[in-house]
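Here is the structure we will look at.
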Amino acid sequence: MEELGLRVRLVSGDSMDVTYDNPSAVSEAEAIDHVVDALSQESGALRCTHGGRLVVLYARGVAAVEVAPRGAVL
């Protein structure tokens, strides 16, 4: 199970830090591939958490994604 810290820059110019958890990914690279795959589709969406809340990122609102270094506290 891989958990990634993502810094997402939205089309509006705002940015937010979220955590993406992919239970089916065996490696960090596989989880990153899934994020890129989902957000490259026009109707793509990712379920993430921000603090204790569930956040759904829709691909059409995302301008850029950075993967946080390992061990980052979000």
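Within region 14-71, the set of residues being surrounded by fewer than 16 Cβ atoms within 10 Å (Cβ to Cβ), more than 11 Å from Glu2 (Cβ to Cβ), among the charged types (D, E, K, R) and within 13 Å of the chain's Cα centre (by Cα) comprises Asp37, Arg47, Glu66.
Please list, ordered by residue number, the strands (runs of 3 or more DSSP E) wholly in region 1-63 having 2 or more residues that are basic (Lys, Arg).
2-10
Within the bounds of region 13-28, is there any residue that is of a type in the set (Asp, Glu), modelled with pLDDT under 90 and more than 16 Å from Val55 (Cα to Cα)? Yes, some residue in region 13-28 is of a type in the set (Asp, Glu), modelled with pLDDT under 90 and more than 16 Å from Val55 (Cα to Cα).
The values are calculated or read from the model by the stated rules, or taken from the named source; none is laboratory data. Quick caveat, the model's predicted, so the values are computed rather than measured. Because the Cβ atoms are built from the backbone with ideal geometry, glycine has one as well, and the counts that use them run over all protein chains shown.
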